[in-house]
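The values are calculated or read from the model by the stated rules, or taken from the named source; none is laboratory data. Note that the structure is a prediction, hence the values are computed from the model and not measured. Please note: Cβ atoms are built from the backbone with ideal geometry, for glycine as well, and neighbour counts cover all protein chains shown. Accessible surface areas use protein heavy atoms only, side chains included; no ligands, DNA or RNA. Shrake-Rupley method; radii C 1.70, N 1.55, O 1.52, S 1.80 Å.
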Amino acid sequence: ACIPGGKLPNEDAICLQPELSAHAHIFKGVAVALADGVSSAEAGASASQFACASFVADYYKTPDSWSTEHSVATVLTAINSTLYQRSHQYQQDDRGHLCTFTALVLKSATARWFHIGDSRLYLLRSGKLRQVSTDHTTKLSENRQFLGRALGMDEQVHWQHGAIPLQVGDLFLLCS
């Protein structure tokens, strides 16, 4: 299920699989994805919806024998390639199929996360909130910065990722 954000116009999307089989829960875990269309890109909203929906659907289609990291890498590479190609189709009016992207996969006793851009992942543990992801931005001046990475921006995508051993009571916040 994909849910758009609350403001209008909105280029955010968040997706998760609402019902998981016992098999998927054990072998794939719970996956959630958040994307935010790049505001200067003409097709940012379309890119974020596509990235989230494709990530959740395609992640669960990867073989059970693949690691979470391999499954996510395969899926993100395919999503990036599609968005990059859409941005470079000259017969299309909407260029710039770009979005930031953050995904979290909770499997067994580990949270694995994958991040591109300036959406954020936070962990609230024992009453302390900490930012897990790093913004992929470059500061130009006091009031100006630019986005250095996004899905669809380049032919090759470079994401930040990590794994966190879960503790009882951990809460994650994905935000754009």
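For Q89, the conditions (1) surrounded by fewer than 23 Cβ atoms within 10 Å (Cβ to Cβ); (2) in contact with a Cys (Cβ under 9 Å, 6 or more places away or on another chain) all hold with the exception of (2). Take the residues in segment 45-72 that are hydrophobic (A, V, I, L, M, F, W, C) and open to solvent by 30 Å² or more (accessible area, probe 1.4 Å), then tell me which one is modelled with the highest pLDDT. Only one residue tops the list, namely W66. Of all the criteria given as (1) touching a Cys at 6+ places or on another chain (Cβ under 8 Å); (2) in contact (Cβ under 8 Å) with a residue 60 or more places away in the chain; (3) crowded, with 22+ Cβ neighbours inside 10 Å, the one not satisfied by N80 is (1). The strands (runs of 3 or more DSSP E) found wholly in segment 40-143 and carrying at least 2 residues that are within 17 Å of V30 (Cβ to Cβ) occupy 99-107, 110-116, 120-125. Among what's in segment 22-44 and is modelled with pLDDT of 90 or more and more than 20 Å from L104 (Cβ to Cβ), pick the residue that is surrounded by the most Cβ atoms within 10 Å (Cβ to Cβ). Result: H23. Considering only segment 125-139, state which residues are out of contact with any His (no Cβ under 9 Å at 6 or more places or on another chain), among the β-branched types (V, I, T) and surrounded by 11 or more Cβ atoms within 10 Å (Cβ to Cβ). Answer for segment 125-139, where residues must be out of contact with any His (no Cβ under 9 Å at 6 or more places or on another chain), among the β-branched types (V, I, T) and surrounded by 11 or more Cβ atoms within 10 Å (Cβ to Cβ): just T137.
The test for being in a helix (DSSP H, G or I) and either open to solvent by 50 Å² or more (accessible area, probe 1.4 Å) or under 26 Å from H23 (Cβ atoms) (or both) does not hold for R149.
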